[in-house]
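Values in this text are rule-based calculations from the coordinates and carry no lab data. All values derive from a computational prediction rather than experimental measurement. Cβ coordinates were reconstructed from backbone atoms using ideal geometry, including for glycine residues, and neighbour counts include every protein chain displayed.
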């Protein structure tokens, strides 16, 4: 962590997202979404306790591969999402911050989520 004036920043580098800088506001880390594509990904519930739903746009026929990374960049789950929605069980994960990444040859999207 780095403090500049009254602001506190958390800096981390992971395989999933590369180097990131997050500003901590009122004790909460604000993590922006990472997108390198033209479609939206819906991830819910967030925070989650037992499972995570991933919804791709219904007009998207592209095949993706998915991974879930912990905050240290370790892969904790690999999956192939189904259209239009995939449910991933997360009961075995420890509470914390995670990233879900979907990618193919052209696109990559990473969304953050919190496991309670």
Starting from the Cα of residue 50, move 7 Å in the Cα-to-Cβ direction to define the label point; list residues of the stretch 93-116 whose amide nitrogen is under 17 Å from there. 93-95, 115-116
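What area, in nm² and to one decimal, does the C-alpha convex hull of the stretch 33-115 cast on average over all directions? Numbers along the way, then the final one.
On the way: hull surface 19.7 nm².
For the Cα atoms of the stretch 33-115, the hull's average projected area reads 4.9 nm².
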